[in-house]
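Report on the structure given below.
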Amino acid sequence: MGFKYLLCFFYVIAILPSKSLTCFSQSATFTNPIIPGAYPDPSICRVGDDYYLSNSSFEYFPGLPIWHSKDLVHWEHASFGIHRKNQFKFEGLASSAGAWASSISHHNGVFYLPFTWVDWRMKVGFKNVILTATDPAGPWSDPSIITDTIWGIDPSLFFDEDGKAYWLMNHPAVGFSHPGASSIMIQEIDLKTMKLVGNPSFIGRGAMLSSQYPEGPKLFKKDNFYYLVIAEGGTGQFHAVTISRSKNILGPYESYEGNPILTHRSLAYTHPFINIGHADFVQAAKDEWWMVCLGSRPLGAKDNILGRETFLVPVKWDKGEWPVISPGYGQVRQVEKIPNLKNHQVASIPTRDDFDSTRLSYVWTFIRTPNANLYSLLEKKGSIKINLLPTQLNKVESPGFIGQRLRFRNGEMTTKATFKSKSKNEEAGMVIYKSEKAFVKFVLNNKQIKIVQQKDSLETTLYTAPLLSTTSEFKVIQRENKFTFSYRPEGGSWTTVLDSYDGRIFSVEQSGGFMGTFVGVYGSSQGAPSKNSVTFDYFEYKPLED
Ligand code: 6LW
């Protein structure tokens, strides 16, 4: 008997603690991207033990997602900088116009969100504005217009130790020119009046004489140096992060001889991440710095279908020295050691929405500002009703589409629609959408179920069959850049109707644009008046094993 107790005692003091530690210890690594899906141009700030991050959002509404984290790895949605229809005029906005490159900062209890509102219909297509909030959960203010007379983008703020605030942005080249030439300028700003003070000072043009598209400027004060971090090379394969520094905020700035401090330009498609650039730094602890940046995960080896996502990279920044990014590797790594911060468990994005709530989850996004009568969650619990409006997917409008960003390399998307179409122009179902010139709709109308591709101005029917039921489930399986379409009529079984569809139509390489691809539910009367509607019982979007 005694031996058995001894054995148990030994187990308790020797084996169990290590097991319990293992089961409770957080994993020592994280996987990039930290915010998957089309969330480009990340900027980050720290407020005590809390970190806030914002992304561009272009023509999508709500816009300028604001994220919150305590450990830099797990991010929960906090708010949208653009959450009211009257903040900006989205109607008729071109794809990839809209909200570019926000830069979140915090000072004396106020969050500032400068960014560029792009509308190429304006005389000067780039208006640089600031939104403010005292609570990261919002509400955010109406825009204060800082510049609308010069062609510049990517504003950010810097708060100096003497209490002065400075406005930085990309600016037309001054005194030099070559393809892609522009410069970085700095100017004092009075944040009480939201007016620029004095004149702009030129402080940078990129690390090389022929640098293209110096943009995304961020300024840091460390060890009595002002460090200017920018993106250059353009937001494609040659994208890079470069740095310069000065003892005087207005310069002259000395370019680091080790530039670029980060780029994947020479890795081409041999690395799982391309287009790395547009960075921001944050000090997580006394001597621990981290960088967020954008990047893309090409699918099918070369196709950027997911858009530009947000990545986290360690930085070694010794006193008085230049920062070393991803020390020992010099690349953004897929699996990285976690920051030395207390683990912050947050709710991950749900893979299934049964539409039980009275509000849509933040992952659901509209193309431009939605019609006030577009949808309802209140008609029948556990479903969403989309009212058929005349707006159309292949026009620069706000179509009857509610979508999520594609965020997995391999995923399965399913939904169930009940729809009694009264005419062939009334249609409803599932859509994979990149822009008004690149989408595939999988829909029911009054007589058919069909798959229709829009590629530029060409509409092509890829599948059509007689309608078997006014209630049908739709399934799309994405394996990298291949999409397979199936459906199941009520009471029937799944039938695959289109296999290995070439999804490169959604890639930046084929359809351009600054955003990624969305998948969602949809209904439209395609230009004609209608009082009809479609009901979706659920939407599921889950990852498949790589
Ligand atoms: C953004 C610029 C960029 O303003 O692309 O990747 C523009 N860099 O900094 C739109 O995302």
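None of the figures in this text is laboratory data; all of them are computed from the coordinates on show. What you see is a predicted model, and the numbers here were worked out from it, not measured in a lab. Reconstructed Cβ throughout: ideal geometry from the backbone, glycine too, with neighbour counts over all protein chains shown.
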### Message
Taking the Cα centroid of the range 335-376 and of the range 38-76, what is the distance between the two, rounded to the nearest whole Å?
### Response
13
### Task
Taking H placed 1.01 Å from N in the peptide plane, check which residues at least 5 places from residue 455 or on another chain put their amide H under 5 Å from its amide H.
460
### Task
In whole Hz, with x marking every Gly and Pro, tabulate ³J(HN,Hα) for the range 204-217 from phi via Karplus 6.51 cos²θ - 1.76 cosθ + 1.60, θ = phi - 60°.
x, 8, x, 7, 10, 4, 9, 4, 10, 6, x, 7, x, x
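Can you order the peptides 458-471, 205-218 by their average number of other Cβ atoms within 10 Å per residue, highest first?
In decreasing order of mean packing, 458-471, 205-218 become 205-218, 458-471.
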### Message
Suppose we keep just the alpha-carbon trace of the range 475-540; what are its Rg and Dmax in angstrom?
### Response
15.3, 42
### Query
If we count other beta carbons within 10 Å of each Cβ, what is the order of 121, 409, fewest first?
121, 409
### Summary
Footprinting proxy, 142, 353: sorted fewest to most Cβ within 10 Å, the residues are 142, 353
### Query
Can you give the charge dipole size of the chain about its Cα centre, rounded to the nearest 20 debye, using +1 on the beta carbon of Lys and Arg and -1 on the beta carbon of Asp and Glu?
1060
### Task
Would you work out which of 271, 524, 350 lies farthest towards the positive end of the dipole of the chain, given +1 charges on the beta-carbon of Lys and Arg and -1 on that of Asp and Glu, about the Cα centre?
524
### Amide N of the range 443-484 lying under 17 Å from the label point, which is placed 7 angstrom from the Cα of residue 490 along Cα→Cβ
444-449, 467-474
### Message
7 Å from Cα along Cα→Cβ at both residue 537 and residue 85: what's the point-to-point distance in nm?
### Response
3.1
### Task
Would you mind ranking 266, 530, 525 by Cβ crowding within 10 Å, fewest neighbours first?
266, 530, 525
### Task
Find how much the distance from residue 123 to residue 135 grows on full extension, using 0.36 nm per residue of separation minus their present alpha carbon separation; answer in nm with one decimal.
0.9 nm
### Query
residue 380 versus residue 208, label points 7 Å from Cα toward the beta carbon: distance in nm?
6.0
#### Entry: Top positive-direction residue, dipole computed over the chain with Cβ charges, set 461, 507, 292
461
### Message
For the range 356-449, which chymotrypsin sites (Phe, Trp or Tyr not before Pro) pass both filters: DSSP loop (anything but H, G, I, E, B) and at most 12 other C-beta atoms within 10 Å?
### Response
none
### Message
Straight-line reach from residue 247: which aspartates and glutamates fall under 18 Å, measuring Cα to Cα and dropping same-chain residues less than 8 apart?
### Response
160, 161, 162, 188, 223, 257, 318, 321
### Summary
Shape call for the range 95-205, from the Cα gyration tensor axes a ≥ b ≥ c (a/c under 1.5 means rounded, otherwise prolate when a/b beats b/c, else oblate), comes out oblate
### Task
With unit charges on the beta carbon (Lys/Arg positive, Asp/Glu negative), name the residue among 94, 496, 229 whose Cα is farthest towards the positive pole of the charge dipole of the chain.
496
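Relative contact order (percent) for the chain, with alpha-carbon contacts under 8 angstrom and 6 or more residues of separation? Walk me through the numbers before you get to the answer.
Numbers: 1473 pairs, mean separation 70.1, N = 546.
For the chain, the relative contact order is 13 percent.
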### Query
For the peptides 509-518, 63-72, what is the packing order when you average, over each peptide's residues, the other Cβ atoms within 10 Å and list the highest mean first?
63-72, 509-518
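Listed here are the pairs 424/450; 380/450; 123/437; 164/316; 424/531; 89/450; which of them are more than 23 Å apart at the Cα?
Correct reply: 380/450; 123/437; 164/316; 89/450.
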### Message
How much length would be gained if the chain were fully extended between residue 373 and residue 446, taking 0.36 nm per residue of separation minus their Cα-Cα distance, in nm to one decimal?
### Response
24.0 nm
### Query
Hey, what do the phi angles of the range 73-83 turn into as Karplus ³J(HN,Hα) couplings, whole Hz, using 6.51/-1.76/1.60 and θ = phi - 60°, x for Gly and Pro?
10, 9, 10, 10, 5, 9, 5, 10, x, 10, 9
### Task
Using the structure shown, select from 395/542; 70/475; 385/542 the pairs with a Cα to Cα distance greater than 25 angstrom.
395/542; 70/475
#### Entry: Ordering of 254-262, 307-315 by packing [mean C-beta count within 10 Å, highest first]
307-315, 254-262
### Query
Can you give the Rg to Rh ratio of the chain, both from alpha-carbon atoms, with Rh computed by the Kirkwood formula?
1.01
